[in-house]
C-alpha cells in the first residue's frame with residue numbers, strides 16, 4: 001500500500017468518526033429545549049460545513065497522482081484541523 005493510500009484511509013476513518021459525532025450532535029439538538037436548539041444549530045452547521053470541506057479536500061487528494069499528493073496533503077491536514085476544532089467546540093457547547 002502506498003503512503004498516499006494509507007494516509008487517505010486514515011483520514012477517511014477519522015472522517016467517519018467525525019460524521020458519527022455530528023449525528024450525535026443532531027440527535028442531542030432534537031431533544032433540547034427551543035433555546036438550546038437554536039444555540040446548538042450554529043454548532044451543528046459549522047461541523048457539517050467542516051465535514052464537507054474535509055471530504056472535498058480528501059476527494060482532491062484521491063484524484064492526484066502519487067507524486068503530486070504531497071502538495072494536497074497540507075490542504076487535507078488544514079481541513080481536518082478545522083474540523084477537529086469545530087467538533088471540540090461543539091462538544092463543549094453541547095455539554096454546557
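Here, each number is a calculation from the coordinates, and none is a lab measurement. Quick caveat: nothing in here was measured; it's all calculated off a predicted structure. All Cβ positions, glycine included, derive from the backbone under ideal geometry; neighbour counts span all protein chains shown.
Restricting to segment 21-41, count the residues that are surrounded by fewer than 12 Cβ atoms within 10 Å (Cβ to Cβ) and either in contact with a helix residue (DSSP H, G or I) (Cβ under 7 Å, 6 or more places away or on another chain) or assigned to a helix (DSSP H, G or I) (or both).
Adding up the residues that qualify gives 6.
Applying the selection to segment 6-20, what residues are touching a helix residue (DSSP H, G or I) at 6+ places or on another chain (Cβ under 9 Å) and either buried (at least 17 other Cβ atoms within 10 Å of the Cβ) or more than 26 Å from residue 38 (Cα to Cα) (or both)?
Matches in segment 6-20: 7, 8, 11, 12, 14, 15, 18.
Please enumerate the residues belonging to segment 52-63 that are under 12 Å from residue 19 (Cβ atoms) and in contact with a helix residue (DSSP H, G or I) (Cβ under 6 Å, 6 or more places away or on another chain).
The answer is 54, and nothing else.
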